[in-house]
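Engineer: Quick one: this structure, given as structure tokens, is what I'll be asking you about.
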Amino acid sequence: MKTNMSTLPIVSDIEAITYDYFPTAWQAVVWRNWGYVPVERIAEALGTCPENIRAAAKELGLNPEEPVNEAWKKRGFLTLIRDNWHLCTYEQIMTLLNLSEETLAFILKEDDFMWIKLGGMKPDVEAPHYAPLTEEERQRTEQIAELFARRFPVGEGARDNAFAFVEEFQRPLSEKEVLEGTNFADTDGIRMIYPYFALYGDTLIDESIDPFPERLLRDYARAGVNGIWMQGVLYQLVEFPFDPSLSKGWEKRIHSLKKLVEKAKKFGIGVYLYLNEPRAMSEAFFQKYPYLQGEREGDFYAMCTSTQKVQDYLYRSMKKLFTMVPELAGFFTITMSENLTNCYSRLFGEMKCPRCKERKPWEVIAEVNNLMAKGAHDAAPDAKAIAWTWGWADDWAEKVVPLLTEGQILQCTSEEAMRFCIGGVEGRVLDYTMSLCGPGEKTRKMWKTAGKCGMQMSAKVQINDTWEMATVPYIPVFDKVAEHTRNLKKQGIRHLQVSWTLGGCPSPNLRLAAWLMEEKGTVQEFLTDWLGRDAGEAVFEAQKKLSQAFSHFPFHIDSLYYGPQNYGPMAPFFLKATGYHASMVGFPYDDLERWSGIYPTNVYEDEYRQLCDGWREGLELLMRYEGYDKELDEVILMAKVILCQYESAYHHIRFVNCRGTMSEELLFIIREEMETVQKMIQLRLVDSRVGFESSNHYFYTLQDLREKMINLAFCETYLYHELYQTKS
């Protein structure tokens, strides 16, 4: 392994992916960053002048005067890091995005598993640099420009409309519009959501990036939402007693948090913090505090919560936080998995911590929750403390729940451990799903124990979307939403966390869930109340087909996180196996074995076929009412996007399955995928929300989708030559 810059993870010896459909690697850098990064930074990264880069862009068929959307620097940097991961060195990425080493290191460590999403390694990249093209490279460049001009004529090849939806939500509200949003949810239960386009990392440090403008809050209030959650890192909100330098800017963050709490309150919405504590520290930290060191994972060690000093830190920091911001609605914890926190949080082997190995894991987990809840309640008695059971063992219900003594609400992922059978393959749900409707047996057992202990209960659900399809604001499968909501009502559930980082858009799904929780009527009655009798009944029948088709999603934790469904329309087809393993909600590569999880690859492929066929039938019924109602047109658009995404995933699965045969079938698949990607580009230009998810930013840029067409054309030419010209 080669060492690299001081705070960044080391660079792997594994060679980066090469994108041979570009004549040179430096042209790929120009293509992927054009319109997203200032030309001066592209030039600096590639070791040349801006004039050369503009000329290179023109040769590729791009607009040499393309304006840069500055929103990418603040709201789309994760997308740009991903796009350059296999092309550029750390130094070049920092140059392109104008990031310090410290900032890039923080993003990789703390921005919702970004390092893991990138595969847990930085591939070995030979830094690309601008160089004059050879004659062969120039001819291939002309072919790309010709393809671009043919496929994307003026109007169709417009500039990327990314983040236009953010600008819409940021439009100021009139007094009348504010009042329209103050009809608060008629419920005594929590309805908590993640702000649709909030940054996941250090959100509070820059007040210009408003995570929930008033128009978004107004729409949430209309949809029955009364709570918003956002990530917090305790040492960034309260001065860290062990190393105050890590808390730089904490006063500013508290000021921002107070303003956000006050603003949300106008709409009857409380602000909750997600706290995953205490955060792990590097080896350098424990050289100064060796007596706090706990379990190790990678380059980091836990701050052992079995030590009195760490316990004092948790209690005092929570008390100070809620003293400074007493109107915070509350907080929730994840104490197992996610990041390395307490010594048991990420334990996959034998416990090595000399203190914690003498204790039971549920004792440590309960203790962390109690310390944080007591600290908050001693400052703000009415604050809600929610203990989320995510990652807790199946047999912990009777062990840990009675130990939660600080008035916590017990929250369970509703679908966890549900049994299913899809395509004749049996499995159990790990994490969350919309294609299968909870609650699961483990969850019911947890809630039953909580009820005996006099605790309130909350369900973590996904009302809008899941990693089964995260590129749309919501999946219009109203029957699935209704079935799950009815099941929760039967369990006596009052509180709901209705999204993780994905699924935060105001939507008909949210309104339907509120309608059902408040027992106003059925799905059919909701649709007719919204659209009128004729259209409502037609949409009801269409969504039934969409819901039935969705049941064919080949659910498994691997297919959920590693499958190609979210990146499909931009994910390149590789003519030869890359040898790379798919990364979590990151690069799918060509890792069919990981995509398919517990399913034989032929079954996995066939379930996708049935999913696409059934979805297409439902969409055709919906499209009979296209133009009838603006909101209904949005539902139809979502259904079209989802079909394209699933078709693209299906094509990719078939391509990898057939790749070893070198048959004509591969050409048919490529041409079908070209049609799908072309449709996807048109849909993306209609609605800027398409492809966006807050913790991944955009799964693809418009330029990424266009690149897929170059990739497909390259594959088509190669296969045509191999199949026909070589033989002749």
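Engineer: Which one is surrounded by the most Cβ atoms within 10 Å (Cβ to Cβ) among residues in the range 633-668 that are acidic (Asp, Glu) and more than 24 Å from Leu723 (Cα to Cα)?
Structural biologist: Here is the first cut: in the range 633-668, the residues acidic (Asp, Glu) are 633-634, 647, 664-665.
So of that shortlist, the ones also more than 24 Å from Leu723 (Cα to Cα) come out as 633-634, 647.
Working: Asp633: 16, Glu634: 18, Glu647: 24.
Here the residue is Glu647.
Engineer: Sticking with this structure for a sec: Taking Lys259, is it open to solvent by 60 Å² or more (accessible area, probe 1.4 Å), within 30 Å of Glu631 (Cα to Cα) and either touching an Asp or Glu at 6+ places or on another chain (Cβ under 8 Å) or at pLDDT below 95 (or both)?
Structural biologist: Values: open to solvent by 60 Å² or more (accessible area, probe 1.4 Å): yes; within 30 Å of Glu631 (Cα to Cα): no; either touching an Asp or Glu at 6+ places or on another chain (Cβ under 8 Å) or at pLDDT below 95 (or both): yes.
No.
Engineer: Report whether or not Arg609 is among the basic types (Lys, Arg), farther than 21 Å from Arg32 by Cβ, at pLDDT 95 or above and not in a loop (DSSP other than H, G, I, E, B).
Structural biologist: Values: among the basic types (Lys, Arg): yes; farther than 21 Å from Arg32 by Cβ: yes; at pLDDT 95 or above: yes; not in a loop (DSSP other than H, G, I, E, B): yes.
Yes, satisfied.
Engineer: Does Gly330 meet the test of being at pLDDT 95 or above and on the phi > 0 side of the Ramachandran plot?
Structural biologist: Taking the combined requirement at face value, the residue satisfies it.
Engineer: Say whether the condition of being of a type in the set (A, V, I, L, M, F, W, C), farther than 21 Å from Gly440 by Cα and more than 29 Å from the chain's Cα centre (by Cα) is met by at least one residue in the range 384-397.
Structural biologist: The answer is no, given that none of the residues of the range 384-397 is of a type in the set (A, V, I, L, M, F, W, C), farther than 21 Å from Gly440 by Cα and more than 29 Å from the chain's Cα centre (by Cα).
Engineer: Now, a different point. In the range 595-617, which residue that is among the acidic types (Asp, Glu) and out of contact with any Gly (no Cβ under 8 Å at 6 or more places or on another chain) is least open to solvent (accessible area, probe 1.4 Å)?
Structural biologist: Applying the first criterion (among the acidic types (Asp, Glu)) to the range 595-617 yields 605-607, 613, 617.
Pick out the ones that are also out of contact with any Gly (no Cβ under 8 Å at 6 or more places or on another chain) and you get 605, 613, 617.
Numbers: Glu605: 46, Asp613: 61, Glu617: 95 Å².
For the range 595-617, the residue satisfying everything is Glu605.
Engineer: Pick from the range 711-728 the residues that are within 18 Å of Leu147 (Cβ to Cβ), open to solvent by 10 Å² or more (accessible area, probe 1.4 Å) and not aromatic (Phe, Trp, Tyr): which of them is farthest from the chain's Cα centre (by Cα)?
Structural biologist: Residues of the range 711-728 within 18 Å of Leu147 (Cβ to Cβ): 711-721.
Those still in the list that are open to solvent by 10 Å² or more (accessible area, probe 1.4 Å) too: 713-714, 716-718, 720-721.
Now narrow it down to the ones that are not aromatic (Phe, Trp, Tyr): 713, 716-717, 721.
Numbers: Ala713: 30, Glu716: 32, Thr717: 35, His721: 40 Å.
The extreme case among them is His721.
Engineer: For Val225, which of the numbered conditions (1) farther than 30 Å from Arg171 by Cβ; (2) open to solvent by less than 30 Å² (accessible area, probe 1.4 Å) fails to hold?
Structural biologist: In the conditions (1) farther than 30 Å from Arg171 by Cβ; (2) open to solvent by less than 30 Å² (accessible area, probe 1.4 Å), Val225 misses (1) alone.
Engineer: Report yes if some residue within the range 633-642 is part of a helix (DSSP H, G or I), small (Gly, Ala, Ser), within 20 Å of Leu719 (Cα to Cα) and out of contact with any Cys (no Cβ under 8 Å at 6 or more places or on another chain); otherwise report no.
Structural biologist: The initial filter retains those residues of the range 633-642 that are part of a helix (DSSP H, G or I), namely 633-642.
Those left that are additionally small (Gly, Ala, Ser): 639.
Checking which are within 20 Å of Leu719 (Cα to Cα) leaves us with none.
Checked the range 633-642: no residue is part of a helix (DSSP H, G or I), small (Gly, Ala, Ser), within 20 Å of Leu719 (Cα to Cα) and out of contact with any Cys (no Cβ under 8 Å at 6 or more places or on another chain).
Engineer: Could you give me the residue pairs with C-beta distances under 8 Å whose first residue belongs to the range 50-71 and is part of a helix (DSSP H, G or I), whose second residue is of a type in the set (D, E, K, R) wherever it lies, and which are 6+ apart or on separate chains?
Structural biologist: Pro50/Glu40; Arg54/Glu65; Ala57/Glu66; Glu59/Arg138; Glu59/Glu142
Engineer: Tell me which of these Asn711 doesn't satisfy, since it passes every other one: (1) within 20 Å of Tyr562 (Cβ to Cβ); (2) in a helix (DSSP H, G or I); (3) at pLDDT 95 or above; (4) not aliphatic (A, V, I, L, M).
Structural biologist: It fails just one condition, (1).
Engineer: Of everything in the range 543-570, what is touching a helix residue (DSSP H, G or I) at 6+ places or on another chain (Cβ under 7 Å) and surrounded by fewer than 23 Cβ atoms within 10 Å (Cβ to Cβ)? Give them in sequence order.
Structural biologist: Within the range 543-570, Lys544, Lys545, Gln548, His552, Asp558 qualify.
Engineer: What pairs come out if I take residues in the range 526-547 that are closer than 14 Å to Glu626 by Cβ and pair them with residues that are of a type in the set (Gly, Ala, Ser) and in a helix (DSSP H, G or I) whose C-beta lies under 9 Å away, six or more apart or interchain?
Structural biologist: Leu531/Ala538; Ala542/Gly618; Ala542/Ala639
Engineer: For the range 333-350, what are the residues that are modelled with pLDDT under 95 and either assigned to a strand (DSSP E or B) or over 19 Å from Thr389 (Cα atoms) (or both)? Quick ask: steps written out before the conclusion?
Structural biologist: To start, the set of residues in the range 333-350 that are modelled with pLDDT under 95 comprises 336-340, 346-350.
If the condition is that a residue be modelled with pLDDT under 95 and either assigned to a strand (DSSP E or B) or over 19 Å from Thr389 (Cα atoms) (or both), then Gly349, Glu350 are the ones that fit.
Engineer: Could you check, for the range 326-334, whether at least one of its residues is buried (at least 17 other Cβ atoms within 10 Å of the Cβ) and hydroxyl-bearing (Ser, Thr, Tyr)? Lay out the reasoning, then the answer.
Structural biologist: Within the range 326-334, the subset buried (at least 17 other Cβ atoms within 10 Å of the Cβ) is 328-334.
Restricting the remaining residues to those that are hydroxyl-bearing (Ser, Thr, Tyr) gives 333.
Yes, some residue in the range 326-334 is buried (at least 17 other Cβ atoms within 10 Å of the Cβ) and hydroxyl-bearing (Ser, Thr, Tyr).
Engineer: Only one of Leu8, Leu78, Leu87, Leu60 is within 24 Å of Ala164 (Cα to Cα), open to solvent by less than 60 Å² (accessible area, probe 1.4 Å) and of a type in the set (A, V, I, L, M); which? Reasoning before the result, please.
Structural biologist: Working: Leu8 fails: within 24 Å of Ala164 (Cα to Cα); Leu87 fails: within 24 Å of Ala164 (Cα to Cα); Leu60 fails: within 24 Å of Ala164 (Cα to Cα).
That would be Leu78, the only listed residue that is within 24 Å of Ala164 (Cα to Cα), open to solvent by less than 60 Å² (accessible area, probe 1.4 Å) and of a type in the set (A, V, I, L, M).
Engineer: Report yes if Gly155 is of a type outside the set (Phe, Trp, Tyr), at pLDDT below 95 and surrounded by 20 or more Cβ atoms within 10 Å (Cβ to Cβ), otherwise no.
Structural biologist: Working: of a type outside the set (Phe, Trp, Tyr): yes; at pLDDT below 95: yes; surrounded by 20 or more Cβ atoms within 10 Å (Cβ to Cβ): no.
In short, no.
Engineer: Now for a different question. Tally time: how many residues in the range 347-359 are buried (at least 16 other Cβ atoms within 10 Å of the Cβ) and in contact with a Gly (Cβ under 9 Å, 6 or more places away or on another chain)?
Structural biologist: The number of residues fulfilling the criteria is 2.
Engineer: Okay, next question. Take the conditions open to solvent by 20 Å² or more (accessible area, probe 1.4 Å) and either in contact with a Gly (Cβ under 8 Å, 6 or more places away or on another chain) or assigned to a helix (DSSP H, G or I) (or both) and apply them to Glu40. Does it pass?
Structural biologist: Working: open to solvent by 20 Å² or more (accessible area, probe 1.4 Å): yes; either in contact with a Gly (Cβ under 8 Å, 6 or more places away or on another chain) or assigned to a helix (DSSP H, G or I) (or both): yes.
So Glu40 passes the test.
Engineer: Kindly evaluate Ala459 against the criterion of being hydrophobic (A, V, I, L, M, F, W, C) and under 25 Å from Ile642 (Cα atoms).
Structural biologist: Working: hydrophobic (A, V, I, L, M, F, W, C): yes; under 25 Å from Ile642 (Cα atoms): no.
Answer is no for this residue.
Engineer: Within the range 381-439, track down each residue that is polar (S, T, N, Q) and free of Cβ contacts under 8 Å to residues at least 40 places away in the same chain.
Structural biologist: Scanning the range 381-439 gives a single hit, Thr405.
Engineer: Something else: Return the residue satisfying two criteria in turn: it lies in the range 669-691 and is open to solvent by less than 10 Å² (accessible area, probe 1.4 Å) and under 15 Å from the mean Cα position of the chain (by Cα), and of such residues it is nearest to Arg654 (Cα to Cα).
Structural biologist: Checking each candidate, the answer is Gly691.
Engineer: Kindly indicate whether Tyr301 is part of a strand (DSSP E or B), open to solvent by less than 30 Å² (accessible area, probe 1.4 Å) and either of a type in the set (Asp, Glu) or under 19 Å from Met336 (Cα atoms) (or both). Can you show your working first?
Structural biologist: On the way: part of a strand (DSSP E or B): yes; open to solvent by less than 30 Å² (accessible area, probe 1.4 Å): yes; either of a type in the set (Asp, Glu) or under 19 Å from Met336 (Cα atoms) (or both): yes.
Answer is yes for this residue.
Engineer: Here's a follow-up. Yes or no: Glu647 more than 29 Å from Thr79 (Cα to Cα) and among the acidic types (Asp, Glu)? Spell out the reasoning first.
Structural biologist: Values: more than 29 Å from Thr79 (Cα to Cα): no; among the acidic types (Asp, Glu): yes.
So Glu647 fails the test.
Engineer: For the range 522-548, enumerate the residues that are at pLDDT below 95 and among the small types (Gly, Ala, Ser).
Structural biologist: Gly532, Ala535, Gly536, Ala538
Engineer: Could I ask something else about it? What number of residues within the range 377-415 satisfy the criterion of being open to solvent by less than 20 Å² (accessible area, probe 1.4 Å), under 22 Å from Leu488 (Cα atoms) and assigned to a loop (DSSP other than H, G, I, E, B)? Walk me through how you get there before you give the answer.
Structural biologist: Start the filter on the range 377-415 by keeping residues that are open to solvent by less than 20 Å² (accessible area, probe 1.4 Å), which leaves 380, 383, 385-389, 392, 396-397, 400-401, 404, 408-415.
In the following step, the residues that additionally are under 22 Å from Leu488 (Cα atoms) were identified as 385-389, 392, 396-397, 401, 408-415.
Next, from what is left, pick out any that are assigned to a loop (DSSP other than H, G, I, E, B): 389, 392, 396, 408, 414-415.
Here the count works out to 6.
Engineer: Considering the range 494-521 alone, what residues qualify as being modelled with pLDDT of 95 or more and under 20 Å from Gly451 (Cβ atoms)?
Structural biologist: His495, Leu496, Gln497, listed by residue number.
The values are calculated or read from the model by the stated rules, or taken from the named source; none is laboratory data. Just so it is clear, the model here is predicted, and its values are computed rather than measured. Note: ideal-geometry Cβ built from the backbone for every residue, glycine included; neighbour counts use all protein chains shown. Areas reflect the complete protein model, heavy atoms only, side chains present, ligands, DNA and RNA absent. Shrake-Rupley method; radii C 1.70, N 1.55, O 1.52, S 1.80 Å.
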